[in-house]
1. Kindly provide the set of residues from the range 4-18 that are in contact with a strand residue (DSSP E or B) (Cβ under 7 Å, 6 or more places away or on another chain) and open to solvent by less than 60 Å² (accessible area, probe 1.4 Å), ordered by number.
2. Could you list all residues from the range 19-35 that are over 19 Å from Trp102 (Cβ atoms) and open to solvent by less than 50 Å² (accessible area, probe 1.4 Å)?
3. Just to be sure, is Trp102 under 15 Å from His37 (Cα atoms) and not aliphatic (A, V, I, L, M)?
Amino acid sequence: MPSVFSRILAGQIPGQLVFQDELWAALLDIRPVSPGHCLLVPKHEGQHLADLPAPTLAALGDRLARLTAAVKSASGAPAVNVVVNDGPAAGQEVPHAHLHIWPRFPDDGRRMPWPATPYADGELARWGDRLRAVWA
């Protein structure tokens, strides 16, 4: 079954498109963190970023840079957050890879809720070894 994003892009349900090309589209989030909150959505329907084809991933940087600039310009914000929830355990609600881009202003009161936890002695190096071992 097509995701809600695929259905919006196909014109089956309404959505506020910002841009669309052969690989990517941007649309306004209907539950924004702040006005101007956009979603950058690949046309390929894969749940995780790692599921996307190489040409789609290769085009991501350009589309993301252009969309962050557009969000800043349209909103007057000096900064944006770019967030990827890559899987349900990370808070992904729609099983279709996508990136959130929302405007940020000084003292806007929006803070990421994640507490920082320092590594125990030797743990940082062990994690570095572990990640390097599986790097493909």
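The values are calculated or read from the model by the stated rules, or taken from the named source; none is laboratory data. Only a predicted model underlies this, so the values are computations on that prediction, with no experimental measurement involved. Counting neighbours? That spans all protein chains shown, and the Cβs are built from the backbone with ideal geometry, glycine included. In case anyone asks, the SASA skips ligands and DNA or RNA and just uses the protein heavy atoms, side chains included. Shrake-Rupley method; radii C 1.70, N 1.55, O 1.52, S 1.80 Å.
1. At the first step, the residues of the range 4-18 found to be in contact with a strand residue (DSSP E or B) (Cβ under 7 Å, 6 or more places away or on another chain) are 5, 8-9, 15-18.
Matches in the range 4-18: Phe5, Ile8, Leu9, Gly15.
2. Our first condition is that a residue be over 19 Å from Trp102 (Cβ atoms); within the range 19-35, this holds for 20-23.
Asp21, Leu23 - these are the residues of the range 19-35 that are over 19 Å from Trp102 (Cβ atoms) and open to solvent by less than 50 Å² (accessible area, probe 1.4 Å).
3. On the way: under 15 Å from His37 (Cα atoms): yes; not aliphatic (A, V, I, L, M): yes.
In short, yes.
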